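Engineer: Take a look at the following structure, please.
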Amino acid sequence: MNDSYLYIIIALLPLAAGMVVTQTNPYHALIIRGVLGAMAAMVDAVLGAADVALTEALMGTMLSITLYAIAVRSSLVLRLGVMENQSIEKNQDPNFQEIINDFRNIFNKHYMRLELVPYPTQETLQQALIEKEIHATCVRLKETDQTTESYQTAIRVPRIYNIIESELSSPKTVIRYFDVLESGVQHL
């Protein structure tokens with residue numbers, strides 16, 4: 001019996017593992033991980049280890065990919081705190097809608113979703129940022145004069161701040177980094 005196909009499949013295992021590690025899109029990495037698990041289960045089955053093949057197929061591939069998909073889906077959400085009257089449905093301000101659309105475009109490039117979280121007052125919004133319930137806030141600036149910057153976005157996550165600062169081209173918002181530790185709140 002010619003087992004050359006088995007050597008080719010075994011040689012593809014480290015290649016697939018390397019592709020999983022170097023993949024930037026987490027969803028593509030999940031797909032490649034599934035292919036890697038299926039190849040490993042097939043090699044185990046061909047070599048006569050049916051119990052190991054079944055365990056790899058069920059636990060190593062199906063269960064782990066399902067759990068990873070849930071984790072990736074929930075971790076790639078940016079929670080943006082806004083005032084209740086600023087929700088997209090209620091707000092007719094084109095500046096706010098333009099800012100939100102710009103944020104969505106930026107985060108889509110980084111495989112993230114934007115979730116707007118409404119708060120009733122400025123104080124509860126600020127407290128939510130301090131308590132890390134949300135990642136950023138976007139609130140209207142006080143009307144002092146007719147400047148192009150009509151909103152202020154405070155971001156507490158340094159990596160997200162760097163992404164938005166480098167990619168946001170809208171002059172409609174002021175971007176600032178909000179350091180929770182320097183805000184005067186002591187964490188235990």
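The values are calculated or read from the model by the stated rules, or taken from the named source; none is laboratory data. The structure presented is a predicted model; accordingly, all values stated were derived computationally and were not measured. Neighbour counts run over all protein chains shown; Cβ positions are idealised from the backbone, glycine included.
Engineer: Can you list residue pairs whose Cβ atoms sit under 6 Å apart, with the first residue in segment 71-85 being under 20 Å from LYS142 (Cβ atoms) and the second being hydroxyl-bearing (Ser, Thr, Tyr) and part of a strand (DSSP E or B)? Count only pairs 6 or more apart in sequence or on different chains.
Structural biologist: Cβ pairs passing all conditions: GLY81/TYR119; GLY81/THR137.
Engineer: Now for a separate question. Filter segment 43-60 for residues that are out of contact with any Leu (no Cβ under 9 Å at 6 or more places or on another chain) and among the aliphatic types (A, V, I, L, M) and give the result.
Structural biologist: Matches in segment 43-60: ALA49, ALA50, VAL52, LEU54, ALA57, LEU58, MET59.
Engineer: Are there any helices (runs of 4 or more DSSP H) wholly within segment 1-100 with 3 or more residues that are in contact with a helix residue (DSSP H, G or I) (Cβ under 8 Å, 6 or more places away or on another chain) and at pLDDT 90 or above, and if so which?
Structural biologist: 4-22, 26-46, 50-55
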